[in-house]
Amino acid sequence: MDAPTSTEAPSRTGRAGFARLAFERAGPRTVVRTALAHSPLRLLTPRNHGHAAWAYTSSLGGGLVDGDHVSLEVDVAPGASALVSTQGANRVYRSPNGCRSELTARVEEGALLAVVPDPTVCFTGARYAQAFDLHLHSSASLVFVDLVTSGRDASGERWAFTHYTSTLRVRVDGRARVDERWLLDPAHGPLPERLGRFNALASVLLLGPALASARESLSTQLAALPVSSRAALIPSVSPLGTDGLLLRAAAVSVEELLRATRAWLSFLPTLLGDDPWARRV
C-alpha cells in the first residue's frame, strides 16, 4: 500500500537540483559528451584506464535535507559503456516534509550502463522517496544496484526513519521488464521488529546480452550456497526471462553486504576495463 502523496512531497524551502550526463563512443573509448549539474548536485568525471567512462554524483552539504528534490538524466549512446556511481553514501537527514531523488536513463543500441551507487542511509525522522526510470534498447545491457541500510546503527538509530520508498522501472524497447516499488514505513508496523536482525538490504539487476556469462556464474554460485536461517547474509535470485537476473539480499551488517555485492560484481572491472573500487578504501 502506497503512502499518501503528501508524505513524499518536498517542502518549498528545500533545494531543487538537476543534472544531465551524456556518454558517447569515440573510437575504442567512451567519453563524457555532457556533464551539466545545478546545485546542490555535483558531477565528477575522473579519468580511468579502461574503455568505459565514469561519473560520480555528490551533493552540497553531504546529503539530502528537508524539501530537496534532485534529478539526474543519463544518455548512453550506441556502443558506449558508462558507470554512474556516487562519491559517498546517500545520506538523508531528518525531513518532516520529505525529500526525493530521481534518475532517468536511456541506453541505446549495444550500449552498457552500470548504476552502482553507495548505500542509502536514512537518519532518524527522514522521509525519502527515490525513483529509477530506465529505458533500454533490446541489445543494450544494464547493471543496477540499490542498497539501503538501517541508518546510523552505532548512534542508536536503527530503522528509525519515517518513510522510505524506492521505485524501479525498466523498459526494453518500450516493454516493461521490471516495475516495482519498495516501501518501508513504521505505519505498517515497527521497522526494527519487522526487519529483525538485518541492517542492510540490496537489489542487484543484471540485464542484457553483455551480462550472459555473469548471470550464469552468479546463479551457479548462489545455488551452491548452504541454506541457513541464521546466516549473516541471505540472498535469493530470480531469472527474468532469458536475459535477466534479479538478486535480493538481506545482511546483518552493511560491511557484509558491501563485501558480498562487490564479489557478485567481480566481473565489472573486466567489463569496464578498469576497477572502480581499486582507489576506494
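Key figures for this structure:
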item: Residue in segment 21-34 that is buried (at least 16 other Cβ atoms within 10 Å of the Cβ), hydroxyl-bearing (Ser, Thr, Tyr) and touching a Pro at 6+ places or on another chain (Cβ under 9 Å) present; result: no
item: Among the candidates Ser81, Ser59, residue that is closer than 22 Å to Pro209 by Cα and either at pLDDT below 95 or in contact with a Ser or Thr (Cβ under 7 Å, 6 or more places away or on another chain) (or both); result: Ser81
item: From the options Arg158, Arg181, Arg194, Arg171, residue that is assigned to a loop (DSSP other than H, G, I, E, B), surrounded by 11 or more Cβ atoms within 10 Å (Cβ to Cβ) and either free of Cβ contacts under 8 Å to residues at least 12 places away in the same chain or of a type in the set (Lys, Arg) (or both); result: Arg158
item: Condition broken by Leu207, with the remaining ones in (1) out of contact with any Gly (no Cβ under 6 Å at 6 or more places or on another chain); (2) open to solvent by less than 40 Å² (accessible area, probe 1.4 Å); (3) under 30 Å from Asn48 (Cβ atoms); (4) at pLDDT 95 or above satisfied; result: (1)
item: Lone unmet requirement of (1) touching a residue at least 12 places away in the same chain (Cβ under 8 Å); (2) open to solvent by 50 Å² or more (accessible area, probe 1.4 Å); (3) within 21 Å of Val121 (Cβ to Cβ); (4) outside any loop (DSSP other than H, G, I, E, B) for Ser213; result: (3)
item: Residue in segment 246-262 that is farthest from Asp179 (Cα to Cα), counting only those that are touching a helix residue (DSSP H, G or I) at 6+ places or on another chain (Cβ under 9 Å) and without any contact (Cβ under 8 Å) to a residue 60 or more places away in the chain; result: Ser253
item: Those residues of segment 106-127 which are open to solvent by 20 Å² or more (accessible area, probe 1.4 Å), out of contact with any Lys or Arg (no Cβ under 8 Å at 6 or more places or on another chain) and in a loop (DSSP other than H, G, I, E, B), in sequence order; result: Glu108, Glu109, Gly110, Pro117, Asp118
item: Any hit, segment 139-149, residues being open to solvent by 10 Å² or more (accessible area, probe 1.4 Å), among the aromatic types (Phe, Trp, Tyr), in a strand (DSSP E or B) and under 18 Å from Val172 (Cβ atoms); result: no
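So that you can scan it fast, the table gives a plain yes or no per residue for (1) crowded, with 20+ Cβ neighbours inside 10 Å; (2) outside any strand (DSSP E or B); (3) among the polar types (S, T, N, Q):
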{"position": "Arg42", "(1), (2), (3)": "no, no, no"}
{"position": "Pro46", "(1), (2), (3)": "no, yes, no"}
{"position": "Trp54", "(1), (2), (3)": "yes, no, no"}
{"position": "Asp66", "(1), (2), (3)": "yes, yes, no"}
{"position": "Ser85", "(1), (2), (3)": "no, no, yes"}
{"position": "Thr104", "(1), (2), (3)": "no, no, yes"}
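The values are calculated or read from the model by the stated rules, or taken from the named source; none is laboratory data. The model shown is predicted, which means the values in this text are computed figures rather than measured ones. Glycine gets a Cβ as well: all are built from the backbone with ideal geometry, and neighbour counts include every protein chain shown. Quick note on the areas: whole protein, heavy atoms, side chains included, nothing else; ligands and nucleic acids left out. Shrake-Rupley method; radii C 1.70, N 1.55, O 1.52, S 1.80 Å.
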